[in-house]
Amino acid sequence: AKEHFDAIVVGAGPSGNAATYTLAKAGLKVLQIERGEYPGSKNVQGAILYANALEKIIPDFRDDAPLERHIIEQRMWMLDDTSFVGTHYRSDDYNKPPYNRYTIIRAQFDKWFSAKVREAGALLICETTVEELLMDGNRCIGVRCDRLGGEVYADVVVLADGVNSTLARKAGFHGEIQAKNVALAVKEILFMPEETIQARFNIGEEEGVVIEMMGSVTEGMVGTGFLYTNKDSLTIGVGCMLSDFKANPNRTAPYALLEKLKKHPSIAPLIEGGEMKEYAAHLIPEGGFHAVPQIYGEGWMIVGDSGGFVNAAHREGSNLAMTTGRLAAETVIAAKAANQPLTAKTLSAYKKALDESFVMKDLKKYRDLPEVLHTSPQFFTTYPTLLNRAAQTMFTVDGVDKKTKEREIFGSFKSARRLGGLMSDAFKIWRAVR
Ligand code: FAD
């Protein structure tokens, strides 16, 4: 007879690991299948880890997780071609444990998380791709893999297979991914001595800085750039909506955008001498609230990027992934404890829990943002340029009186957007983030 599990989890990223760990810890018989050589082998990038979501799964993770630096300073920069206007928030409160955010290297972090998953008692099989879901009518009863003799059965299959969500689409749970709902991001890890990073970013041994950027770097496309400090490396990247790349074939290619960002006069001195060892391109689901598909059904659930759970406005993804994974697992555990079958009706408790959590509340808050940004390129072109020009006008001491400078600045805003345009832009942004 074919082996039967309580649950099969497809994927060993943050969402799959969170789900598998929670299920196994509760004593359920879980099989996790990962196509990579080892968990994290496909996820090489440096990233921000939000402690709160992981604490709810592994409270003492700080004891042995591979953490690079805790973040004590957040910078937000609006770039034009030669300058930036920015805000920096730095607090000594962020320097008191337990820390709230860390930089991590995903390859190491995913490996660590996976070791915890196995310690909790789950069976992990790598280098194995799930090719399709096994269905009995509309009920999912297992998976077909490219190894293991093919078919494996379970009461529930948790799809944690990432942004492409191939399995759910193949099974007809949702349609094709639309280019306007995904960003294409490229990033690099640049190695340099710890001391150099600490001197350049004005930080101590374990302290870190995050810089988020928007403006000329994305050449009018909806997108952002970012720079994170790891222990002895920097992560630098840029991402824009795939629909924007596709809309104009003459657009600068993603990698060329990153090269341009690296040459920006405000960035170049920070990364100078960094030795590039890793380069990665990846999609990010950024469609938000309206793009979240049906995430549960008869014997199946969708978690993490596969369900589009990313808060692009705040650059949060892995914490939503872990939270959806945990809540999906808790739904299964509760149903099993009550001897309920894992039907769509029982599993709907997962959606209810998500609706009550920060995950759906945050996605809902920003539900109109993707559309507003998509139809308002001025936020990525005109305004960053105007702001930088305004700063230069005000800070340059050249014998022109300040009242005249103010008039010049207001005049430049009005001639670029007219009064009606300025008011409508302010309203649009208010409406999109209210
Ligand atoms: P993934 O991490 O994509 O994991 C899916 C796993 O499933 C993979 O290991 C894959 O190999 C496996 N898999 C897929 N299909 C199959 C199959 N058929 N069979 C077997 N295995 C399969 N989030 C943050 O919180 N902070 C950040 O700083 C941040 N920065 C980011 C920067 C970039 C450039 C990108 C692209 C994303 C960033 N994110 C960030 C988002 C974050 O990476 C994702 O939200 C998160 O990784 C989602 O986790 P996941 O487990 O759902 O999917």
Given Cα pairs under 8 Å that are at least 6 residues apart, what percent is the relative contact order of the chain? 20
For region 180-285, what relative contact order do you get, as a whole percent, if you take Cα pairs closer than 8 Å and at least 6 residues apart? 43
State the volume of the convex hull built on the alpha-carbon positions of the chain, expressed per residue in Å³ and rounded to an integer. 156
Between Asn250 and Thr87, what FRET efficiency follows from the Cβ-Cβ distance if R0 is 35 Å, with the result rounded to 0.05? 0.55
Net charge near Val130, counting Lys/Arg +1 and Asp/Glu -1 over other residues with Cβ under 11 Å of its Cβ? -2
Provide the FRET efficiency to the nearest 0.05 for the Asp146-Met76 pair, computing r from the beta carbons and using R0 = 45 Å. 0.50
List the lysines whose Cα sits under 19 Å from the Cα of Lys2, skipping any in the same chain fewer than 8 residues away. Lys29
Could you tell me the largest-minus-smallest coordinate of the C-alpha atoms of region 370-433 on each of the three principal axes, in descending order and whole angstroms? 44, 19, 18
Report, by chain and number, residues whose modeled amide H sits under 5 Å from the one on Leu49, excluding near sequence neighbours (fewer than 5 apart, same chain). Tyr102, Thr103, Ile104
Under the rule of -39500 (n - 2.57) per DSSP H run of 4 or more residues, summed and divided by the residues of the chain, what mean residue ellipticity at 222 nm is obtained, to the nearest 500 deg cm²/dmol? -11000 deg cm²/dmol
Please give the Cα centre distance for region 213-253 versus region 404-434, rounded to the nearest Å. 25
Could you sort out which of Lys25/Lys170; Lys56/Lys336; Lys180/Lys361; Lys180/Lys231 sit more than 27 Å apart by Cα distance in this structure? Lys25/Lys170; Lys180/Lys231
In range of the label at Thr404: residues from region 373-390 whose backbone nitrogen is under 18 Å from the point 7 Å along Cα→Cβ: 390
Full-stretch length increase - Glu119, Glu278 - with 0.36 nm per residue and alpha-carbon distance subtracted: 54.2 nm
Sorting Leu419, Phe113, Gly150 by the position of each Cα along the dipole of the chain (Lys, Arg +1; Asp, Glu -1; all at Cβ), the one nearest the positive end of that ordering is Leu419
Mean shadow area (nm²) of the C-alpha convex hull around region 180-285 is 6.6
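Each value in this text was obtained by applying a stated rule to the coordinates, not by laboratory testing. Bear in mind the structure is a predicted one, so any value in this text is a computation, not a measurement. Heads up, the Cβs are rebuilt from the backbone with ideal geometry, glycines too, and the neighbour counts pull from every protein chain shown.
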